[in-house]
1. Given the structure, is P40 surrounded by fewer than 19 Cβ atoms within 10 Å (Cβ to Cβ) and either part of a helix (DSSP H, G or I) or touching a residue at least 40 places away in the same chain (Cβ under 8 Å) (or both)?
2. Restricting attention to segment 77-90, and to residues there that are at pLDDT 95 or above and under 22 Å from L143 (Cβ atoms), which single residue is surrounded by the fewest Cβ atoms within 10 Å (Cβ to Cβ)?
3. How many of the residues making up segment 157-181 are in contact (Cβ under 8 Å) with a residue 60 or more places away in the chain and either buried (at least 16 other Cβ atoms within 10 Å of the Cβ) or touching a Phe, Trp or Tyr at 6+ places or on another chain (Cβ under 8 Å) (or both)?
4. Within segment 112-133, is there a residue that is touching a strand residue (DSSP E or B) at 6+ places or on another chain (Cβ under 7 Å), of a type in the set (A, V, I, L, M, F, W, C) and exposed (fewer than 15 other Cβ atoms within 10 Å of the Cβ)?
5. Can F71 be described as hydrophobic (A, V, I, L, M, F, W, C), within 27 Å of G192 (Cα to Cα) and part of a loop (DSSP other than H, G, I, E, B)?
6. Test I193 against the criterion of being over 18 Å from the mean Cα position of the chain (by Cα) and of a type in the set (A, V, I, L, M, F, W, C), and give yes or no.
7. Could you list all residues from segment 123-149 that are out of contact with any helix residue (DSSP H, G or I) (no Cβ under 9 Å at 6 or more places or on another chain) and more than 18 Å from D41 (Cβ to Cβ)?
8. Can you pull out the helices (runs of 4 or more DSSP H) entirely within segment 94-176 that have at least 3 residues that are among the β-branched types (V, I, T)?
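The values are calculated or read from the model by the stated rules, or taken from the named source; none is laboratory data. Because the structure is a prediction, the values reported are computed rather than measured. Cβ sites come from the backbone with ideal geometry, for glycine too, and all protein chains shown count toward neighbours.
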Amino acid sequence: MHGSNWCEGPAIRARRGDEGDRGRNIMRNEYLTLRRPYEPDNVKLIVVAESPPASGKYFYNPEGRITEPLFAAMIKQLGFSCTNKANGLLKFQQCGWVLVDATYEPVNKLNHSGKIKVIERDYPLLRDDLARMTPDRLTPLVLIKANVCQFLEPKLLKDKFNVLNGGIRVPFPSTGQQKQFREKLGEILKNGIGI
């Protein structure tokens with residue numbers, strides 16, 4: 001990992017510039033290593049988000065804070081409360097929910113076209129990750145964040161995945177969008193899987 005170490009975390013290395021295929025694969029593998037212990041045996045819902053943030057506040061980092069926007073919003077959507085993130089991740093897992101990122105390269109500091117370029121480049125990896133979790137492609141998927149919804153919904157539908165959004169764009173739950181996130185995600189879940 002030329003000059004990087006595990007303690008820094010993948011987002012810090014991304015900001016520092018360890019790029020290229022090798023660097024991207026290392027980052028992706030580190031994020032997946034954090035996610036795998038919390039993947040449910042029986043996946044009931046796959047939530048597809050944009051990417052881990054450059055800040056390092058990764059959804060599946062059990063040492064993170066329960067106040068991180070996406071984590072807090074998902075736990076609230078499930079009607080749970082938790083005292084630490086590891087406990088909340090276990091509850092998320094017990095419900096059969098898993099969160100997958102469209103790319104594991106932090107893109108939140110890029111402009112719209114830069115984000116789409118990275119998500120498009122990594123689409124085959126996302127498609128393969130989803131196919132591993134839902135080989136029959138029947139497990140429901142919900143897409144979060146407007147650009148993810150707009151770009152990925154047609155691609156995933158074309159590849160025969162069960163995307164529930166139906167054109168509804170769920171905003172990221174921060175900067176005043178928490179209520180809209182909860183309402184739109186709630187509408188999709190109610191109509192799609194009866195939650």
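1. Yes: the conditions hold for P40.
2. Checking each candidate, the answer is G88.
3. Residues meeting the conditions: 4.
4. Within segment 112-133 (the criterion being touching a strand residue (DSSP E or B) at 6+ places or on another chain (Cβ under 7 Å), of a type in the set (A, V, I, L, M, F, W, C) and exposed (fewer than 15 other Cβ atoms within 10 Å of the Cβ)), the answer is no, since none of the residues qualifies.
5. Taking the combined requirement at face value, the residue does not satisfy it.
6. Judged against the criteria, I193 is a match.
7. Hits for segment 123-149 are P124, D128, K145, A146, C149.
8. 112-121
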